Structures are given as structure tokens and as C-alpha cells.
Amino acid sequence: MPENLSLGVCYYPEHWPESMWADDARRMVDIGISRVRIGEFAWSRIEPSKGDFNWEWLDRAMDTLGQHDLEVILGTPTATPPKWLIDAHPDILAYDAEGRPRKFGSRRHYCFSSLTYRREAARICTLMAERYAGHPALFAWQTDNEYGCHDTTRSWSPEAGKAFRLWLQDKYQGDVHALNTAWGTVFWSQEYTDFSQIDLPNMTVTEATPAHLLDFYRFSSDQVVAFNRMQCDILRAATPDKPIIHNFMGIYTGFDHFKVSEDLDIASWDSYPLGFLDVAPFPLEDKHTYMRQGHPDFTSFHHDLYRACGKDGRWWVMEQQPGPVNWAHHNPAPLPGMVRTWSWEAFAHGAETVSYFRWRQAPFAQEQFHAGLNLVNNDEAPATPEARQVAAEISELANTPVTGKAQIALMFSYEAKWLFDIQPQGASWSYWGLVLTWYGAARRLGLDIDIISPDADISAYKIVLVPSLPILPDGFVARLKNSKAHIILGPRTGSKTEDVQVPDTLAPGALQEVLPLQIRHSESLRDDITLDGKFGASDVGASRWLDHVATDLKPAAMSDGTGLLFAHNNLSFFTTVPDGPFIAQLLAELCTEKGIATTLLPEHLRIRRRGDVVFAFNYGPDGATIPDNIRSADGALVFGSWDLPAAGTACWRST
Ligand code: GAL
């Protein structure tokens, strides 16, 4: 089996009698699984009371898995501080935005700012690292589990308050007047004379000042970075050659994942396509069409995002949905074939490992309804034959190349998301909506896309999509000037300073050095209002936002006499939120100019290249035909068929 394509599973030996472990391991290998993640919630079994350790069961679990040549990803158990620890140190608890401590009784109840918890987490990580550093089954570490899950990045605890004040003193170099100026506290008499007076921005009568909120969001993100770094330092010191991984989430932006990933070797995420379709803000029509498949672009967007996070593009799916989940509003079952298709879509985007969650459905506690590869009684669940098929197909793809750099990049900014949460200026404004529309338009044209951070080097790309970047990072305009790429800038780009203020030169701020246009005023629109426009000879649609500009440039698209799109040298600038076909038309024209081939794919079909291997995925409820012009020259397939059934996957070599 190629090493860079492997299957894994999440396993909880502590949930099952030890007499089952060896058979579980044997059956994992039989399916074609080679990696197993364990341990991430096991603290109460490792240390049932302070200093009273019981490592032996975990030793035996590691031994059993190792005896079957399974490679173990061992999770540090810090997502679930045990009861005795919380009782001894209630200052570990996170507080909600209403200022109430979150209680023990589920998970992720700790505050990232608790110094007691930093110490305790370091203690358990150190002991675990020392104990298993030399274990032959240890393949990698997972730090904690899903930072931020259940909305836990931001804590409004007294501990967070103390840490925030220190963070502010550091940021403003001890100068409270600098903070007053940055935050604009003269407004509504909010001025401070000492850092000790500053509180967390919750429970205010109406909104807190936006810069106070944004600094709190930045601080909270930095606390996750610091907590993860503490664990990585310990693990790396004990096992310099073992990769360190964290499992991120979907549609979660509470902290900057690019920054947390700087300390990791491999980024991974937990992919639950049906759960996310149900909870994410997709139109009802999409929720119906893709109910059993997941949205065709949502999962792949995250694959590309986390590929951007991992060192040298190394990334995994640590938890892959195998059937109904338990946590969405509604939890349908996937179409037969979909678990296989999700697995291949991940590999197509460059995943090294796809690991199913979980081995066996739990008969007790919170996740009883969550499917696994096995039913509670140990019969195989519907996902297992599909996993077995993926394992067999993997062996047909020997020497699978790694994913190369794409020609097109899309810039994703966590800070942009925070800023729009703080000051949306229109209930229908949606950063996710904007980003996914632009990404989806490119995918529909059959393009591979790299996601990049706002600080990324853009020199190697031919086209860069920036759906919106209100605060321009240092050096951004210089990078635009030096880039040969065509850069498409979305609405509100350059509209704020680092301190969430209107630039002295008005929006789009420093962009005016390269784009002769100034925004005089902006309006937000209801999402049921459409701006009908003309782009060349085509009718186009836009919505939600409209900037009114002063410029000598002639609009490239307009509606009712107002410019929707302006172009200048290698820049295109939207003053509105273009709909999918509008952005797709601009993109297709630019691709033609840049010599990048596009194919308008059937509505529910998507493709992705991994080196010379091309994959196609059918997310539609019915069959779909792969267009002739993208098929292999000799008509040969590695697997699948040119007429793909619903939930089908095919793969061929382009050379
Ligand atoms: C993830 C989490 C797992 C499990 C799973 C259920 O968010 O990491 O522990 O709860 O969801 O889908």
C-alpha cells in the first residue's frame, strides 16, 4: 500500500473489555487499516486520582495494536480534565459570555488562560511523553482534541481577564493612552487611565467598542497558540522524530489555524460532511439536494485549507464520518458509496491518512446515535465494506504523487471573519458565504485551488482570489505590486485599519496606491434584494453590499449606473457581493488570458488532480457523465466509470 495513502480509525480501548482488543486489532488490519488514534479523552483512566497512575492498561492497548503492526497516534488527554482536578482547582473552568463558569460533566471545560491548567496539562503531557517515547507502536502525537469545539476558545473567566490585561500591556507597550487612541475610547467616555481597569468585552449594555472585541478575539486565539505550543515543546523534546498533529474542525474560526499550525508537523481535521451541511448556512435547496452526500465544495474547501496549514502541505483527515452523526439538527445516513467517495476526495486533495470515527458505536453516554465502522454488537456497519474497497483501490494506485501547487489561490483570513462578526453592518453579510461562493465557482470550472493565508507569498500564482480582506496585513500592497498574478479583490477589502478604524484616506485604504479608486460611502442590502447588472454582454447578479466610489476608471460591470466591478492593471475590485455565475465568468475570462484550462462541469460533479492522477466525484442525487475533454487520452480508468452513479468516484491518469 503506498505510504502516503493510508486508512486509520479512532479507537477507545477504555470503552471495551480488554478481551476484545486483539480481535479488534486483527479486524482493523483485515479491513486495510494501518493507523489507530487512541487516548485523547482517557485522563480519568490514566490518573483516577491525583498522582495515582494507572498506565498499565494503556501500555497493553499500545502493545496489542503494535503486535498487529498498527501505528498509533496517541492523543494527549487534555480536552477532558478529570473531576478530581476540577474540584481541586475550579480556576481551571472556562466561563461563558454571561460570566458563568461552565460546569464539569461533558468535555472541553477548561479555560486556555488558566495558569493552573497550563501547569497540569504540561504535567500529564510530560508523563505521557516520557512513558511512550520509546514505544514501538507510537507513530505520532495528537495534541488535545478539537481546540475550540463547543465554542470554547473564548472564555470570560477571571483568569482570562488577568491574562488579557497582560496581553494588552504587552501589545500597547505599557501605554494606556495608545490603547485609548487605538480603541477610540473617547467615544461614549470609555477612556482608561490604567490597564488594571480594563475588563473583558462581555455583559456591556450594548456592543463593546469593536477594537476591544477584536483585540479580545486576537488574544483568545493567541492563548490557543500558546497552549498548543506548550504541548508541542514537551512532545518534541521527548520524541523529536515523531510527527505532532492536531485535529481541527469544520467551519470553525475561533482561532487562527495558520498560527496554531506553525507548531505542528501535520494538520488534520474532522470531516463530517452531512453534519456540516445541516448546521452550516447553506440555502435550503442545497440542504435537500445534498442531504446524503454533503455539499460538493464544503468538504474540499476544508481539505485545501488544512493542506495550507500543515508543514510542507502535510495533512490528514483524523475523523471521517462513517454514517449518521449525533450532533447536527438532523442526522441522515449517507448514500451508499459516499463514505468511499469522501475518502477519495480527501486523498485527491493530498491527504496522507483518512481515519474513520469511530471503530465501534458506543452503547453508552453522549454519542450513542453516532455510527462507527461496527455496530454496538460488533456486526459490521455499512461503512466498513466501503472502507475495505478504498483500501483495495489504494493498492492500485502505487507511487501516487503528492499534490502539486495549484495555479490559483484563494486567500482565507480568520481576522476578516472576526471583524465581520463584530461589525457586520448588514445581517445578510456572510464571510463564509462569500468565500464558499468564490471557491465553488472555481471548482465548478474544474480548477484546483490552493488556500493561502493573508501573509502567504503570492508570487507563484497566476490568479489570486481575495474574497474580502478588510485589514490589509503589513506588506500586502508591496506584494501586490511585485506579483504577476491577477488579483481579484472582494468587497470591503482595505476598508479598516489594524485598530478597526476607517482609514484616513477612506476605503480601500493603502490599496489606493495601486488602484485609483476611493469609496465615498457603502450600503448593505437585504439578502432578498438582487442587483441586476451587465458584465460585457452578460447579465450578472450581485447582492448584500454596494460601495459607491469616486474614480476615473470605467466600471467593468455595472447595475443601474453604479459600478459593481472595476479593473486596473492586474487588479479586479468588486464593490458588491457577486453571485456564483458572476465571479465564475470573471474567473473563466482570466483563466483564458492566463492559459489555464477550464471545463464547466455538470452541476454536481467535481474533479481534483493529485499529480497526474485525476479524480471525479459525483455529489448529485442522480448519475453524471464525466466530460470527454477531461478523460484520459486512451479512455482507460484506474477505477470507476465515465458515467458515474450517484455517490460515485472515478480515477484516471492524465498522461
Ligand atoms: C468530533 C470529536 C469526537 C466526536 C465526534 C462526533 O467533534 O472530536 O470526539 O465527538 O466529533 O462526530
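The values are calculated or read from the model by the stated rules, or taken from the named source; none is laboratory data. Note that the coordinates shown come from a computational prediction; the quantities given were computed from them, not determined experimentally. When we count neighbours, we look across all protein chains shown, and the Cβ atoms used for this are built from the backbone with ideal geometry, even at glycine. Areas reflect the complete protein model, heavy atoms only, side chains present, ligands, DNA and RNA absent. Shrake-Rupley method; radii C 1.70, N 1.55, O 1.52, S 1.80 Å.
If a spin label sat at a point 7 angstrom from the Cα of Lys594 along the line to its beta carbon, the backbone N atoms of region 434-478 nearer than 11 Å would be those of 448-450, 459-466. Accessible surface comparison of Asp499, Asp455, Asp450, probe 1.4 Å, protein chains only, largest first: the order is Asp455, Asp499, Asp450.
A simple spin-label model places pseudo-atoms 7 Å from Cα toward Cβ; at Gln423 and Asn569 they are separated by 2.8 nm. Structural descriptor for the chain: relative contact order 11 percent, calculated from alpha carbon pairs under 8 angstrom and at least 6 residues apart. One way to sum up the overall shape of region 126-209 is the equivalent ellipsoid from its Cα gyration tensor, whose semi-axes run 41, 16, 10 Å, largest first. With a simple spin-label model that places each label point 7 Å from the Cα along the Cα-to-Cβ direction, the separation between Ile251 and Asp52 comes to 4.4 nm. Solvent-accessible surface (1.4 Å probe) assigned to Thr505 amounts to roughly 80 Å². Using a cutoff of 8 angstrom between alpha carbon atoms and counting only pairs six or more residues apart, the relative contact order for region 605-653 works out to 41 percent. A 1.4 Å probe run over the chain, with the rest of the protein chains in place, finds 38 Å² accessible per residue. Length gained on full extension, Asp628 to Val376, computed as 0.36 nm times the residue gap minus the Cα-Cα distance: 86.2 nm.
Find the Rg to Rh ratio for the chain, where Rh is the Kirkwood radius over alpha-carbon pairs and Rg uses the same atoms.
Details: Rg = 25.4 Å, Rh = 26.2 Å.
Rg/Rh: 0.97.
Listed peptides 312-319, 509-516 appear in the order 312-319, 509-516 once ranked by packing, highest mean of other Cβ atoms within 10 Å at the front. For Thr562 and Thr126, the difference between the fully extended length at 0.36 nm per residue and the C-alpha to C-alpha distance is 150.8 nm. Quick check: Cα centre of region 273-317 to Cα centre of region 458-526, how many Å? Answer, in whole Å: 27. Give me the percent of DSSP beta bridges within the chain that run antiparallel, rounded to the nearest 5. For the chain, the DSSP antiparallel bridge percentage is about 50. Whole Å is fine, so just give me how far the alpha carbon centre of region 374-400 lies from that of region 615-648. Here the answer is 21 Å between Cα centres.
Which percent, to the nearest 5, of DSSP beta bridges fully inside region 1-137 are antiparallel?
Details: 3 of 11 bridges.
Rounded to the nearest five, the antiparallel share is 25 percent.
Here His329 and Arg526 are evaluated by their C-beta separation; at R0 = 22 Å the FRET efficiency comes out at 0.30.
The alpha carbons of region 605-653 give a radius of gyration and a Dmax of 9.8, 29 Å, in that order. Protection proxy ranking of 140-149, 531-540, 49-58, by the mean of other Cβ atoms within 10 Å over each peptide's residues and highest first, is 140-149, 531-540, 49-58.
When the solvent-accessible area of the chain is split by element, carbon and sulfur atoms take up 51 percent of it, the probe being 1.4 Å.
Between Glu14 and Asp455, the contour length at 0.36 nm per residue exceeds the alpha carbon distance by 154.5 nm. Per residue, the convex hull around the alpha carbon atoms of region 408-594 comes to 109 Å³.
Between Glu285 and Leu506, the distance separating the two model label sites (each 7 Å from Cα on the Cα→Cβ line) works out to 3.7 nm.
For Gln197, project a label point 7 Å along Cα to C-beta. Then give me every residue of region 150-169 with its amide nitrogen under 20 Å of that point. Residues passing the 20 Å test: 161-169. Round to the nearest 0.05 the FRET efficiency obtained for Ala88 and Val186 when R0 = 30 Å and r is the Cβ-Cβ distance. The calculated FRET efficiency here is 0.10.
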